[in-house]
Every structure is written in C-alpha cells, then in structure tokens.
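Read through the structure below, which is laid out as structure tokens, and then see the notes.
The values are calculated or read from the model by the stated rules, or taken from the named source; none is laboratory data. Fair warning: this is a prediction, and the values are worked out from it, not measured in the lab. Cβ coordinates were reconstructed from backbone atoms using ideal geometry, including for glycine residues, and neighbour counts include every protein chain displayed.
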C-alpha cells in the first residue's frame, strides 16, 4: 500500500523535474505543439473540405393515416464540399439527417423528389454555399397509401428434410398467423394468403425456429415483412413388428394364397408411437404384378405407408404364392 509520505515524495520529484532546465524545455516544446494544433484546427475549420456522407432520410409532416408502400432507402450517399466548420460536427459519430416534407412533395400517391430537390434539401443541411455531388440515389419516388390494410393469413413455403434418424413431425408453421397488407388501389380479391420465401433446410436433427421474409404482392407492402417459422423435428426410435401381408387387386372369384402370409418388419417411429404394436403401414402383394410376370413363383412385396414411419426394412422382399379359382 502506498503511504502518504511516498506520494508526497513522488510529487516533489515531479515538481523538481519540471522546474529543471530540461523540464522547462519539454514544457515549452509541448506548449508550441498545442498552439500549432489549435492554429491547424482553426485553419481547417475556415477552409473548404470535401467529404463523403451517408445521410439518413426521414419523412416529416406525414399524417398518421398514411402508410409507406415503398421502403425508404437506408441512406443517401453524397459528396459534400463545404466550410470545415459546417462539417466538423459529423466527424463525431452523428450522421446527417435529411428531412423530407410530406406536404411539399406529394404527387398523387407518390412522394417525388428529383435531383434538384435533393440538392436543395442537402444545402439546407450542409450550408447554402455547399457543393453537392455524387448523389446516390439521385431521386426518390416513394409510394404511399391511405387505405386500410387487409389482414391475410401466412402460409409457409418449405422444402425441409430431416436426418435419416429423425422426422419432421408437423408441417412448418409461421408463429405469426396473420399480417397486414397495404396497397395503393386495393388488394385484388384473388389474393387470399401471404407466402414466405422458400425455407430450405436439410438433415435436421432437432426443432428449429428461423426468421424468413414474406413475399409482398406487386405494389403492396406487408407488415410485418418477416415472420418466425417453427419446424418441429423428432428423433426416431427403432422397433419391429410382425405384419400381415395383404393381397390386393385380386379379381372376383380368384383367391391369392401367400406363403408366409406374415412377415417381420423393422422400422423407425417417433416416441409417441413406439409402444404401439400396430404399425401405420401396410405390406401388400399385388395380383397385377403376378399377371405381368407369368411363370413367377414368388410375388414381390410392396409397402404402403402414410409417411409417419421411416427406414422400413422387410425380412424378405417376396413370398411364394398360389392361386385358387
């Protein structure tokens, strides 16, 4: 711990160093540096300088009943040549804000500003004698509407697959059920839903919630413009059952006998179906296959499932048969 006497000793040492000849020379040198810096700043503030800016756009004097259809650009990129004193405040983090008066620039259902309009507004921000160049964008056409929105349900456009050891348990669903759709002249009656952009994921092993954009109809705006989509994934458990083979497409008056008529089947199911002894798929022997393969002694087996199981594996792919008429 530093004692009071040690601090006093340190202060005396510093004071002695500053009062020495060398210390006075250093102080004089530092004073000249400060003076030079001040003179340079003053000179810079009174000279014309050129700088690039990203200007934030805002619409002012807009009625609350008005909704923008066209999204405002995130910024206007501009090169400004002006007195340094006019630009210095933007060197410290704050971006220039460009205010566009709604009442002044409305043209029907559009807020329209040409290049000359933007230059005028920018000079109001940076100074009347400022030189404005390299405008991007160099004009604005912002559509708006005063009509109330239509509320439409969200549908998910999905192309998702699970890992071979898992299953998509329910179709992907939007956590936002309805959205508001704004249009200038009214939404066409044949538009009943709003779709997401395709959700494409593969080999999922666990449930996911992802954010995705919505497809706005032409000339419309959807609020919100994106939704969260939930994809429910369940891990699968391996099980097996003895399944009765069903003859199908057998003509009237004909009997198809199978040997054996039951078969072992292994498959994967979700946890809620694991304890069930009745599988949700069928194993069939198609009489039409026999007709298409005269002389065959075995009939090929097919599986018909509802998509609730995966990895179905039969103990054999065909069985012997006999036809009785």
In the range 174-189, residues that are surrounded by 13 or more Cβ atoms within 10 Å (Cβ to Cβ) and either part of a loop (DSSP other than H, G, I, E, B) or touching a helix residue (DSSP H, G or I) at 6+ places or on another chain (Cβ under 9 Å) (or both) total 3
The residue from 226, 241 that alone is at pLDDT below 95 and surrounded by 14 or more Cβ atoms within 10 Å (Cβ to Cβ) is 241
I'd like to check something: does the range 149-163 contain any residue that is exposed (fewer than 12 other Cβ atoms within 10 Å of the Cβ) and touching a residue at least 12 places away in the same chain (Cβ under 8 Å)? yes
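Does residue 302 meet the test of being within 27 Å of residue 204 (Cβ to Cβ) and part of a strand (DSSP E or B)?
So residue 302 fails the test.
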Reported set for the range 281-296 where residues are outside any strand (DSSP E or B) and touching a residue at least 24 places away in the same chain (Cβ under 8 Å) is 287, 288, 290
How many residues of the range 290-305 are surrounded by fewer than 18 Cβ atoms within 10 Å (Cβ to Cβ) and touching a strand residue (DSSP E or B) at 6+ places or on another chain (Cβ under 7 Å)? The answer is 7
- Report whether or not residue 192 is loosely packed, with under 12 Cβ neighbours inside 10 Å, within 30 Å of residue 67 (Cβ to Cβ), more than 21 Å from the chain's Cα centre (by Cα) and in contact (Cβ under 8 Å) with a residue 40 or more places away in the chain. yes
Of the residues in the range 61-76 that are under 20 Å from residue 138 (Cα atoms) and without any contact (Cβ under 8 Å) to a residue 60 or more places away in the chain, the one that is surrounded by the most Cβ atoms within 10 Å (Cβ to Cβ) is 75
Discussion item. Given the condition touching a residue at least 60 places away in the same chain (Cβ under 8 Å), outside the structural domain of residue 62 (by TED's automatic domain parsing), under 23 Å from the mean Cα position of the chain (by Cα) and surrounded by fewer than 17 Cβ atoms within 10 Å (Cβ to Cβ), answer yes or no: does some residue in the range 215-223 qualify?
Written reply: yes
Residue 229 fails exactly one of (1) assigned by TED's automatic domain parsing to the domain that holds residue 180; (2) more than 30 Å from residue 180 (Cβ to Cβ), namely (2)
- Filter pass, residue 116 being in contact (Cβ under 8 Å) with a residue 60 or more places away in the chain and over 30 Å from residue 235 (Cα atoms): no
Condition set out of contact with any strand residue (DSSP E or B) (no Cβ under 7 Å at 6 or more places or on another chain) and in a strand (DSSP E or B), scope the range 90-141, selection surrounded by the most Cβ atoms within 10 Å (Cβ to Cβ): answer is 106
